[in-house]
Structure formats: C-alpha cells, structure tokens
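Report on the following structure.
The values are calculated or read from the model by the stated rules, or taken from the named source; none is laboratory data. Computed from a predicted structure; not experimentally measured. Don't worry about glycine lacking a Cβ; one is built from the backbone with ideal geometry, like all the others, and counts go over all protein chains shown. Side chains included, ligands, DNA and RNA excluded: accessible areas come from the protein's heavy atoms. Shrake-Rupley method; radii C 1.70, N 1.55, O 1.52, S 1.80 Å.
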Amino acid sequence: MRPAPSDLEPVSRTAPADGTARAGRSLPRVAAALVLVLLLLVIARLPWAGDLGMHAATVQRLRHSLLDPGNPLVDADTPSPYYSPWTLVLGVLARLTGLSVFVVLRIGALVGLGLLVTGVLRYVRTLSSHRAAPALALLCLLLLWGPLLFAWSGFLGLNSLALTVSYPSVFALGLGFHFWAWLTRAVRGTAAWGTWVVLGVLWALILLCHQFTGVVASLGAAATVLAARPARAVLPRLGAALASGLLVLWLWPYYDFFALFSAGADLEAIHRPLYAHLAARFGLVLLGVVALACRARRDRRDPLVLFFVLGVLVFAAGGLTGHYSWGRALPAALIPAQLAAALETVSAGRRAVRAGWACVLGAALAVGAWTQAGTLGYVVPRDRLPAAVAAKYRTPWAGYQWIMRAGVRYGDVVMARTFPARQIPAYGPYTVAPGYPDVFLPDADRRAAAVTRYFGGSAAQRRGIVREYGVRWVVGPESLAGPGLRKVTAGPGGQVLYRVVP
C-alpha cells in the first residue's frame, strides 16, 4: 500500500489537478461578476420598456398621498394591486427625500438585484456546498433559456431582467429565494413558532408585492415541504405560518387581494402569448430537465424535481383550460430546471461525467449569452457595438418628458391612445383610459371606448368626451388638429401635444 504523502512531499504532483479545480471554481464566479456589473450599469441607464410607466405612476401617487392615492393611471378613486408593500416603501422614500421617481426606481432596482443575488446564494447553499454552485446557478438562471429572445416580468433571462430590474417582480423573486432557503432550514430542523409566523408573513408580502411571483414562491414552498417530509410536530407550525400569511393578505388596506381571483378575461388575452414558441424561447432549459431526471433517479422526492412538476402542472392546466394567466407560473418549472443544470455540473458522479456535463452546459450558456447579447446595447452606444450584436439590440422607449417640459402638470388629464398611456402617468398626469388592464376600474371598457371615439369621431363627440373626463391635453398625430385644439409642441415619431381650448 502506498503511504500517505508527507508534508515534505513535493506539491507539484497535485498542482495541476488543484489548478484545474481552482479554475473550475473561479470561471463561473468571474463570469457571474461580469454579468452583475453589466446589470449595475443597466440600472444606471434604466431603459424604459414594458411596465416601467405603471410602476413609476404608482410611486408618483404614493409620494403625493400615502393613505388615499387613488387609481395610479386615471383620475378615479379606486384601489389597485400595484399598491404593494414594496411600492409603498418606495413612495415613502420619494416623499421623504424629494428624489425623482426614476431615481427612486433605480434605488429599488439595486435593492431588488441585491436581494435576488443573495437569495440565490442562500437557496443554492441548501442544495449544494460546492463553492462554484451559487455562481453557476446564477449564470444558468440568466442565460439558460433559448435561441429566441424572450422578455417578461417575473422571468429571469438576462435581457428580461435588464428591462424589469426595477419592477416589484424582481424584488418579490429575490424575497422568494430567501423564503425558500429559510423554509428549507425550518422544515429540516426544529424552528420556533415565531420563525414560522415570520415565514407566513414573508409569504404574504411576496404575494402582495407581485401576485404571479407569489404563486411561484408558493409552489416552491409546497415542494420544499413535501420533499422534507416534516414530522407531525411541524404541521401545527406550518398551519400557524399559513394563518399568519392569510391574515396579512386579508388586512392589507390598499386593495382586496382575494378579489383578484375573479379577474376578468383581459388578463387571459394578454398572457396567451406565453404559450407560443416554447421550444425556441426555452429550449436550452431541456438540459436542466435531463439534470432533473438524474436527480429524480437518486431521490424521487428531490425538492427541485417536485418544484418542477408542480410548475409544469399549473402551466399545462392554464393552457388546457384557457386560463392563460396561469402561464405566469412557468418560472416554477424553469427555475428548478436551471438550478438542476448548474448543480449537476458540480455534483454528478465521476469526474469524467462532471467534465462532460460542464462542457455541454458551457456550450448551452454560450448560446444563451449570444441570444441575449443585445443587452449590451443598454450600456454601450449602438454604433460602438459589433454589427452582429447591434442587430440584436432593441431600442427602449423614448418616454414623454417632452410633454412635461411643454406645460403639462401633475394631475392633468391627457387624452392618448394605449401606447403613450403606458408612459404618460409615470410623470404625474392621468390618461382617460388606462394603458394596462385594470380589474378594479369598473368603467375601464367605457373609458377605452371613449378614447376610440375621440380619435375617430366628430368634433361634437370630442367636445362631449373632453367635458366628461376633464381632458386638458391631447397627444395625437398632426392630422388631429382642428377646432378645440391648439398645437403646443411636437414630439418624437410624429406625435403632437395639443392644449384643449374652448
């Protein structure tokens, strides 16, 4: 038998292996650090697309009235699910500091990104002790998607995160990873009753901050509990957590959380595209599905496997029944698969298997990174990007600061079609119809019809709509000019700001 090496034995015999191991641990960390630097630079730019205007408008209303902000988009005294604990904190910050809403959103983005990164680290630590696992998991969450670019709130692709990093969904998902990590330790040990009550409150906060992410967090929590097979003594504590969470949801004063279960068909139409182009958008995640199959062979009650199964069931049920908003639960299937792909690289059996898996995963991550390379355009001028990368860049929205410089004030009502109506309230004015579906606005359809009639009707119809909704300004095309309107200034894309005159 070969004797154990002594302290005097030269280290050169093992240095190559050690060097390879160190490189294997360092490479994911360096890559993850570079991605995070990119996201920090994106936050400084805060590119505008999607729902940023809604969240900015919500903070605007809260900074002016914490107790009775009213509808964030139209001049109506209605509740809104966008008034969440997180936007309330941002509204208080804006009110106390006097900072602009967009500066406050940048601060919120930094907090959300920090929560997300630390949450991933904590949760992955409950699944693996390998030093490279958290960084590799973060890379998989951001890059392991598909060859077709996809961006949607609550989905963690790099490009999607760059556009939504200031949204409540990122903050809520960061809380979700912390929630899963804390819950995992609680069900494995003997956590005190107070810990379980706090876990229930945290669950409710996630649901209030972003309802769809709350569903994902709930499915992850269910998988965690099922995988742990808690003792009977834990069940009453689980009940206490559930009860405390439901109590917080019931007491939340800004909107009726449970009324969201009766949301109208508008949400289904908006979410139907989530069921299109699945292979192109998420094809690389199949590598994670293979990793989940390997984990299932080792342990059928693996938490990631159960998490994935629950996510797939909810997503499939939504597609089969026409409840397309259930498609927002898809991250409950994507996240465990992406994490499994990362963990299999560091925990698969023999070294040769791990090396082969690392090569395949590295290639998949490279494809995912190339698909989302246009994200660089949010921090690097397009003309300085290589042509192939610049072609992938999608120009953000321009915004409507120009109408504020022309005299529009906070609280003024602006007549505008849907696209500008998604941005104008971010600066303080209202629009006649909301730019987004609003389940708590009873006359939303009537308002939308009024906008359609205004831009396609007679001068008499326009005057009636102006009086009914208190319209002071109109954003529309040059061809709209006529009686009752005075042109004030022109904006990008051929838009014109008109003042309503007697």
Next on the checklist: Quick test of your reading of the structure: Val120 fulfils all but one of (1) surrounded by 23 or more Cβ atoms within 10 Å (Cβ to Cβ); (2) part of a loop (DSSP other than H, G, I, E, B). Name the failing condition by number.
Outcome noted: (2)
Checklist entry - Listed residues Ala355, Ala369; which is part of a helix (DSSP H, G or I), free of Cβ contacts under 8 Å to residues at least 12 places away in the same chain and at negative phi? => result Ala355
Checklist entry - Would you call Ala191 open to solvent by 10 Å² or more (accessible area, probe 1.4 Å), over 30 Å from Asp77 (Cβ atoms) and assigned to a loop (DSSP other than H, G, I, E, B)? => result yes
Next on the checklist: Being over 23 Å from the mean Cα position of the chain (by Cα), open to solvent by less than 60 Å² (accessible area, probe 1.4 Å) and closer than 30 Å to Val30 by Cβ is true for just one of Leu304, Leu343. Which residue is that?
Outcome noted: Leu343
Checklist entry - Gly154 fails exactly one of the following numbered conditions: (1) out of contact with any helix residue (DSSP H, G or I) (no Cβ under 7 Å at 6 or more places or on another chain); (2) crowded, with 21+ Cβ neighbours inside 10 Å; (3) not in a helix (DSSP H, G or I). What is the number of that condition? => result (1)
Next on the checklist: Going residue by residue through region 359-378, is there one that turns out to be under 27 Å from Ala181 (Cβ atoms), surrounded by fewer than 17 Cβ atoms within 10 Å (Cβ to Cβ) and in contact with a Ser or Thr (Cβ under 7 Å, 6 or more places away or on another chain)?
Outcome noted: no
Item to check | Filter result (of a type in the set (A, V, I, L, M, F, W, C) and out of contact with any helix residue (DSSP H, G or I) (no Cβ under 8 Å at 6 or more places or on another chain)) within region 467-489 | outcome: Ala481, Leu485, Val488
Checklist entry - If we scan region 378-389, do we find a residue that is closer than 30 Å to Leu136 by Cα, within 22 Å of the chain's Cα centre (by Cα) and not hydroxyl-bearing (Ser, Thr, Tyr)? => result yes
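Evaluate the following for Leu163: is it without any contact (Cβ under 8 Å) to a residue 40 or more places away in the chain, in a helix (DSSP H, G or I), open to solvent by 10 Å² or more (accessible area, probe 1.4 Å) and not β-branched (Val, Ile, Thr)?
Against the criterion (without any contact (Cβ under 8 Å) to a residue 40 or more places away in the chain, in a helix (DSSP H, G or I), open to solvent by 10 Å² or more (accessible area, probe 1.4 Å) and not β-branched (Val, Ile, Thr)), Leu163 does not qualify.
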Checklist outcome for this item: Checked region 1-51 for anything open to solvent by 40 Å² or more (accessible area, probe 1.4 Å), of a type in the set (Val, Ile, Thr), closer than 23 Å to Ala341 by Cα and modelled with pLDDT of 90 or more; matches are Val30
Next on the checklist: Any residue that is assigned to a helix (DSSP H, G or I), at negative phi, among the charged types (D, E, K, R) and at pLDDT 95 or above - is there at least one of those in region 74-92?
Outcome noted: no
Checklist entry - If we keep just the residues of region 307-328 that are open to solvent by less than 10 Å² (accessible area, probe 1.4 Å) and free of Cβ contacts under 8 Å to residues at least 60 places away in the same chain, which is farthest from Ser218 (Cα to Cα)? => result Gly318
Checklist outcome for this item: Within region 66-95, restricting to residues that are polar (S, T, N, Q) and in contact with a helix residue (DSSP H, G or I) (Cβ under 6 Å, 6 or more places away or on another chain), the one that is farthest from Leu260 (Cα to Cα) is Thr87
Checklist entry - What residue, among those in region 443-502 that are within 35 Å of the chain's Cα centre (by Cα) and among the polar types (S, T, N, Q), is farthest from Val74 (Cα to Cα)? => result Gln495
Next on the checklist: I'd like the residue in region 386-408 that is open to solvent by less than 20 Å² (accessible area, probe 1.4 Å) and either part of a helix (DSSP H, G or I) or more than 24 Å from Gln495 (Cβ to Cβ) (or both) and, out of all such residues, is modelled with the highest pLDDT.
Outcome noted: Ile403
Item to check | Criterion violated by Pro331 - all others in (1) of a type outside the set (A, V, I, L, M); (2) closer than 22 Å to Ala223 by Cβ; (3) open to solvent by 60 Å² or more (accessible area, probe 1.4 Å) satisfied | outcome: (3)
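Scan region 71-105 for residues that are small (Gly, Ala, Ser) and either within 24 Å of the chain's Cα centre (by Cα) or open to solvent by 40 Å² or more (accessible area, probe 1.4 Å) (or both) and jot them down.
Ser80, Ser84, Gly91, Ala94, Gly98, Ser100
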